[in-house]
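Peer 1: Have a look at the structure that comes next, please.
The values are calculated or read from the model by the stated rules, or taken from the named source; none is laboratory data. Quick caveat, the model's predicted, so the values are computed rather than measured. We place every Cβ from the backbone using ideal geometry, glycine too, and count neighbours over all the protein chains shown. Just the protein is used for accessible areas: all its heavy atoms, side chains included, with ligands, DNA and RNA removed. Shrake-Rupley method; radii C 1.70, N 1.55, O 1.52, S 1.80 Å.
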Amino acid sequence: MRQLIYVSISLIFILISRKGSATHYRAGEITYKQIALTTYEITATTYTDPRNTAADRPEIDINLGDNTIRTVARSNGNGEIVNTDPNNIIKKNIYRTTHTYPGPGKYLISIFDQNRIAGIRNINNGISVDIAFYVESYLNIFAGFGFNQSPVLLLPPIDIGCKFRIFTHNPAAYDPDGDSLSFTLIPPKKARGTDVENYTTPLFSDSFTLDQKNGQVTWTMPTVAGPYNIAIKIQEFRKGILIGFVVRDMQIFINDNCLNFPPKISAINDTCIEANQLLKKTFLTTDPDAGQLITLSTYGGPFVQKNQPASISPIPNTGTSPLSTQFNWKPSCNAVRFRPHQAVFRATDNHPSDPLSDIRYYNIQVVAPAPKNFQIKQDSNGFQLNWNPDTCGMAYGYKIYRRIDSSYWEHALCETGVPDYTGFKILDTTSGLNNTSYFDNDFGRGLSPLVRYCYRITAMYPPRSENGSIIFSEPVESYSSIEICDLILQTKPILTQVTVDSTSTSNGVITIKWLSPKQIDTLDQFPPPYQAQLEVANKNQNNFNAIGNPIIYPTYAALKKETYTDTLKNTLQNAYDYKVAFYYTKAGQFKPLNQSIPASSVFLKLFNSNKSILLSWEETVPWTNTQTVIYKKINGQFDSIGTTEKTFFKDLQLENGKTYCYKIKRIGYYNKQLYPNVIENYSQENCGIPIDTVKPCPVVLNIETPCNSNAPLNNQVLLKWKYPADCEQDQAFYNVYWKQKIVDNWTLLAKVPNTQLQYADNRTILNKAIHGCYAVTTTDSSGNESNIINPTCIENCPFYQLPNVFTPAKDDSINSTFKPFPYRFVSQVKTQIFNRWGNLVFESNDPAINWDGTDQQSGIDCPAGVYYYICEIEESYLSGDQQRTSRGSIQLIR
């Protein structure tokens, strides 16, 4: 338990004597509480310096986060003066309103005021009087999450420390809904999204930290006296989702000298307590300053419970050192929840000028009671389990756990549910408070004799807030019931072996062994003679058929162990289920009495991979298999290559393309006291061939285009790549892919030999645009192709420019037509040329234009002079086609 030193709440307002400015805000926060589906009570609490009455705020504007700004009157009259020091008067103001939001959504609630107090050391170099005060809280109304209340901050946001003394503070936050809280230091704000000017962490000699889990501020140590402000964001999470936060802007006054030492509360270890059981905890508080009175105050969830709240004794808990305190709590069932409750104890001395405090947190997990009166009784091929309804009357269902043989486990004080390490597994659940019985016959297969089955039950509680309302949070599991175990009477045959002797698609052989029943009412109900009939079915198909001749037992004494060899089976491709049906005689005819629990043959599967083969197996048997021996055919003989307790095995360092054959032996047991024999069963033989299924590495691709190189103007896209040297060098060839737009499918352009590490794309489609995406993959000698990872996309870089003069009458054919400079990557150009009177003399859809200076309609040479053109240029990009207009003039010279 961490120890925190705090200033006494009754004396936190004995502040530094300073001639402070009579301006306004010191600290504040906004909290909220849900009172209906989308209706919330919003409370803004501020601490101000009221000496300037013009700065008093009988009402404030609260921005409720849904485009509603509401003027809210102060609800605690004229405010509460909580410190009467004439130089440091502090007023506590509470503004409360109710608001209904339009529906689920995210809302940021805030308040704003123009002024803080003057002289805050770590804001704007102490010039803080004109820095605005702003705090906010976040509300996430999430459909289906149940009711929500913001964290409640128990200690005021104003505290005192001493220069050159370690200072600690904690908001003593708790969440009534049991949500998870997280604490973060942030700069104070002057507006939404805007921090105050020149904010610095308070000056320290060693460090200034905030504990993210419990909100403890530790300042080691203050070096300059004066007021400081910090902001703490307290976030609440429910099932990992942020459902709200509160920002507390708080003020710390550091005094120059302190003559006092704080009291000290003895360590209090966290604990757990069952609902409706009494928890008593006695602890001492000591003070190094003799003669001072110590007062112990309490805060936290246990003390505000509606039903059966916690208390301390004696009351009032005041006295000199050592002060003894007893904590008492008998939590109600409504206090059961996923997260612990936090009791907060603060011991404060009565030093006249420097009262100091110590705080300790005591986490108490309230646990749901275990189901009571748990009983077991055999019924036919299973066990009937019964227990009493949850004593709290709050369970919504129960979990049934099962394992083979006893765990001898007893839960620890804070251990709920049934942990995996006990060997128990969840068998099933029931729904409803009064659904307190369960029949276990292994889901219709029946339970086997010679096996000791053990059970435990837990109750499942819905998540609840401290007021008992159900919320969408983590559910709660109770303490475990007692463990009960029992054996099925041996009134049926018991299979003890199903082993594959020979592997074949048509001549496979399987040996089956079983024990005969031992407990039969031979005189009255089930007289002899008896008959046993072995039956077989394809695994998991339940299509059982009799095999072999029935075995007749004239008397009970004739019953014995049996062995049967099943032949002509397809053991290579199939697994088989076996069971033994048992009959008694009535009126001269055989009647069904009972049947064994089915058992299957072990079936081995192989999965071929690169230089390895993965073996896995499965079977369904009434005994417990604990170990597997792996056999591999070497030089024509099977030899063991390893053992495992898992249900798979990987054989490594094999040669691709070579055949490897395997079989396995499963080793298991029934209850060793009842049947000490080891049970061994072999699988069929199975062969595999390792193949390379590993994809090659992706290449490192580089692309050169006229847009990113110094190459002459042409339409070539040159791809160059490298294959990573640290990857296996098994490249058969490379594949070059292209697509014009990001959303298009890939098109294979070429397969390139493994000796070639570049490719030039010279397709005519690139004449109009080169934009597109390229990728190069590698195919190895086994046909595995690498994935397309991080394809490279290139953008178009069109160039289209026109001259401003041409001479069509010259004989040298130089500059004799109006045409663009060498251009690239334009899709279409529509050109119109006009004379100075605005008459159209030429138009074309050819990007080359090639106007020879004649009137297009009459064919007559246009006179020398200035002509005007308009070009509508269409260009293609990755994002789509775009158009631009180019306007200009051209001088025609003859």
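Peer 1: Name every residue in the stretch 45-70 that is in a loop (DSSP other than H, G, I, E, B) and hydroxyl-bearing (Ser, Thr, Tyr), in order of residue number.
Peer 2: Thr68 - this is the single residue of the stretch 45-70 that is in a loop (DSSP other than H, G, I, E, B) and hydroxyl-bearing (Ser, Thr, Tyr).
Peer 1: Select the strands (runs of 3 or more DSSP E) contained entirely in the stretch 823-894, then report the ones holding at least 2 residues which are within 60 Å of the chain's Cα centre (by Cα) and of a type in the set (Phe, Trp, Tyr).
Peer 2: none
Peer 1: Moving on. I'd like to know if the stretch 316-324 contains one or more residues that are in a strand (DSSP E or B), of a type in the set (A, V, I, L, M), in contact with an Asp or Glu (Cβ under 9 Å, 6 or more places away or on another chain) and under 30 Å from Phe253 (Cα atoms).
Peer 2: There is at least one residue in the stretch 316-324 that is in a strand (DSSP E or B), of a type in the set (A, V, I, L, M), in contact with an Asp or Glu (Cβ under 9 Å, 6 or more places away or on another chain) and under 30 Å from Phe253 (Cα atoms).
Peer 1: Among Tyr564, Tyr556, Tyr584, Tyr578, which is hydroxyl-bearing (Ser, Thr, Tyr) and within 47 Å of the chain's Cα centre (by Cα)?
Peer 2: Going through Tyr564, Tyr556, Tyr584, Tyr578 in turn, the sole match is Tyr578.
Peer 1: Output the qualifying pairs, or none if there are none: Cβ atoms under 8 angstrom, residues six or more apart or on different chains, first residue in the stretch 289-310 and more than 17 Å from Gln342 (Cβ to Cβ), second residue part of a strand (DSSP E or B) and open to solvent by 40 Å² or more (accessible area, probe 1.4 Å).
Peer 2: Listed by first residue and then by second, the contacts come to Leu293/Thr318; Ile294/Thr318; Thr295/Thr318.
Peer 1: Give the residue, chosen from Cys392, Cys414, that is under 30 Å from His341 (Cα atoms), in contact with a strand residue (DSSP E or B) (Cβ under 9 Å, 6 or more places away or on another chain), open to solvent by 60 Å² or more (accessible area, probe 1.4 Å) and of a type outside the set (Val, Ile, Thr).
Peer 2: From the options Cys392, Cys414, the qualifying one is Cys414.
Peer 1: Sticking with this structure for a sec: What's the number of the only condition in (1) in a helix (DSSP H, G or I); (2) surrounded by 15 or more Cβ atoms within 10 Å (Cβ to Cβ) that Tyr421 fails to meet?
Peer 2: All conditions pass for Tyr421, except number (2).
Peer 1: Same structure again: At least 1 residues that are farther than 26 Å from Leu450 by Cβ in each: list the strands (runs of 3 or more DSSP E) lying fully within the stretch 532-623 that qualify.
Peer 2: 562-569, 576-586, 589-595, 603-609, 612-618
Peer 1: Let me ask you something else. If Gln828 meets every condition in (1) farther than 30 Å from Ala864 by Cβ; (2) loosely packed, with under 13 Cβ neighbours inside 10 Å apart from one, which number is that one?
Peer 2: (2)
Peer 1: So, in the stretch 138-157, how many residues would count as being in a loop (DSSP other than H, G, I, E, B) and open to solvent by 40 Å² or more (accessible area, probe 1.4 Å)?
Peer 2: 5
Peer 1: Another question, if that's okay. Scanning the stretch 511-520 for residues that are open to solvent by less than 60 Å² (accessible area, probe 1.4 Å) and either of a type outside the set (Phe, Trp, Tyr) or at pLDDT below 95 (or both), which turns out farthest from the chain's Cα centre (by Cα)?
Peer 2: Step by step, filter the stretch 511-520, then rank; the result is Ile520.
Peer 1: Strands (runs of 3 or more DSSP E) wholly in the stretch 349-404 with at least 1 residues that are under 21 Å from Pro331 (Cβ atoms), in contact (Cβ under 8 Å) with a residue 60 or more places away in the chain and of a type outside the set (S, T, N, Q) - which ones?
Peer 2: Because the criterion is at least 1 residues that are under 21 Å from Pro331 (Cβ atoms), in contact (Cβ under 8 Å) with a residue 60 or more places away in the chain and of a type outside the set (S, T, N, Q), the strands (runs of 3 or more DSSP E) in the stretch 349-404 that meet it are 357-367.
Peer 1: Could you please find all residues in the stretch 225-255 being in a strand (DSSP E or B) and surrounded by fewer than 21 Cβ atoms within 10 Å (Cβ to Cβ)?
Peer 2: The answer is Gly226, Lys233, Gln235, Phe237, Ile241, Leu242, Asn255.
Peer 1: Limited to the stretch 586-599, what total is found for residues that are buried (at least 16 other Cβ atoms within 10 Å of the Cβ) and over 16 Å from Leu515 (Cα atoms)?
Peer 2: 1
Peer 1: Looking at the stretch 792-822, which of its residues are part of a loop (DSSP other than H, G, I, E, B) and open to solvent by 60 Å² or more (accessible area, probe 1.4 Å)?
Peer 2: Glu795, Gln801, Asn804, Lys810, Asp811, Asp812, Ser813, Ile814, Asn815, Lys819, Phe821, Pro822
Peer 1: Are there any strands (runs of 3 or more DSSP E) wholly within the stretch 71-131 with 3 or more residues that are over 28 Å from Ser353 (Cβ atoms), in contact with a strand residue (DSSP E or B) (Cβ under 8 Å, 6 or more places away or on another chain) and open to solvent by less than 30 Å² (accessible area, probe 1.4 Å), and if so which?
Peer 2: Qualifying strands (runs of 3 or more DSSP E): 90-100, 105-113.
Peer 1: Could you pull out the residue among Pro176, Pro202, Pro171 that is crowded, with 23+ Cβ neighbours inside 10 Å and outside any strand (DSSP E or B)?
Peer 2: Result: Pro171 is the single residue among Pro176, Pro202, Pro171 that is crowded, with 23+ Cβ neighbours inside 10 Å and outside any strand (DSSP E or B).
Peer 1: So if I check each of Gln716, Gln756, Gln731, which one is touching a Pro at 6+ places or on another chain (Cβ under 8 Å) and open to solvent by 60 Å² or more (accessible area, probe 1.4 Å)?
Peer 2: Only one candidate qualifies: Gln716.
Peer 1: What's the number of the condition Val135 fails, among (1) loosely packed, with under 15 Cβ neighbours inside 10 Å; (2) of a type in the set (A, V, I, L, M); (3) more than 28 Å from Pro262 (Cβ to Cβ)?
Peer 2: With (1) loosely packed, with under 15 Cβ neighbours inside 10 Å; (2) of a type in the set (A, V, I, L, M); (3) more than 28 Å from Pro262 (Cβ to Cβ) applied to Val135, the lone miss is (1).
Peer 1: What about Pro222, is it within 25 Å of Glu474 (Cα to Cα) and either in contact with a Lys or Arg (Cβ under 6 Å, 6 or more places away or on another chain) or surrounded by fewer than 19 Cβ atoms within 10 Å (Cβ to Cβ) (or both)?
Peer 2: Considered against the rule, which asks whether it is within 25 Å of Glu474 (Cα to Cα) and either in contact with a Lys or Arg (Cβ under 6 Å, 6 or more places away or on another chain) or surrounded by fewer than 19 Cβ atoms within 10 Å (Cβ to Cβ) (or both), Pro222 comes out as no.
Peer 1: Being of a type outside the set (Lys, Arg) and either in a loop (DSSP other than H, G, I, E, B) or more than 29 Å from Phe145 (Cα to Cα) (or both) is the filter here, so list the residues in the stretch 179-199 that pass it.
Peer 2: Answer for the stretch 179-199, where residues must be of a type outside the set (Lys, Arg) and either in a loop (DSSP other than H, G, I, E, B) or more than 29 Å from Phe145 (Cα to Cα) (or both): Asp179, Pro187, Pro188, Ala191, Gly193, Thr194, Asp195, Val196, Glu197, Asn198, Tyr199.
Peer 1: Something else about it: Quick one: would you say Glu59 is open to solvent by 70 Å² or more (accessible area, probe 1.4 Å), touching a Ser or Thr at 6+ places or on another chain (Cβ under 7 Å) and over 20 Å from Ser150 (Cα atoms)?
Peer 2: yes
Peer 1: Among the residues of the stretch 25-52, count how many are over 44 Å from the mean Cα position of the chain (by Cα) and either open to solvent by less than 40 Å² (accessible area, probe 1.4 Å) or modelled with pLDDT under 75 (or both).
Peer 2: Result for the stretch 25-52: 3.
Peer 1: Determine which single condition Thr271 fails, assuming it passes every other condition in (1) under 30 Å from Asn350 (Cβ atoms); (2) open to solvent by less than 60 Å² (accessible area, probe 1.4 Å); (3) among the polar types (S, T, N, Q).
Peer 2: Here Thr271 meets the rest and fails (1).
Peer 1: While we're here: Take the stretch 521-543 and flag every residue that is open to solvent by less than 30 Å² (accessible area, probe 1.4 Å) and among the β-branched types (Val, Ile, Thr).
Peer 2: Correct list: Val536 only.
Peer 1: What about Leu278, is it under 22 Å from His411 (Cα atoms), open to solvent by 40 Å² or more (accessible area, probe 1.4 Å), in contact with a strand residue (DSSP E or B) (Cβ under 9 Å, 6 or more places away or on another chain) and not polar (S, T, N, Q)?
Peer 2: Spelling it out, Leu278 is indeed under 22 Å from His411 (Cα atoms), open to solvent by 40 Å² or more (accessible area, probe 1.4 Å), in contact with a strand residue (DSSP E or B) (Cβ under 9 Å, 6 or more places away or on another chain) and not polar (S, T, N, Q).
Peer 1: Being in a strand (DSSP E or B) and either more than 26 Å from Ile120 (Cα to Cα) or open to solvent by less than 40 Å² (accessible area, probe 1.4 Å) (or both) narrows it down to one residue among Phe261, Phe303, Phe208; which is it?
Peer 2: Residue meeting the stated conditions: Phe208.
Peer 1: Quickly run through the stretch 639-652 and pick out the residues that are open to solvent by 50 Å² or more (accessible area, probe 1.4 Å) and either part of a strand (DSSP E or B) or more than 11 Å from Ile613 (Cβ to Cβ) (or both).
Peer 2: If the condition is that a residue be open to solvent by 50 Å² or more (accessible area, probe 1.4 Å) and either part of a strand (DSSP E or B) or more than 11 Å from Ile613 (Cβ to Cβ) (or both), then Asp639, Ser640, Ile641, Thr643, Glu645, Lys646, Thr647, Phe648, Lys650 are the ones that fit.
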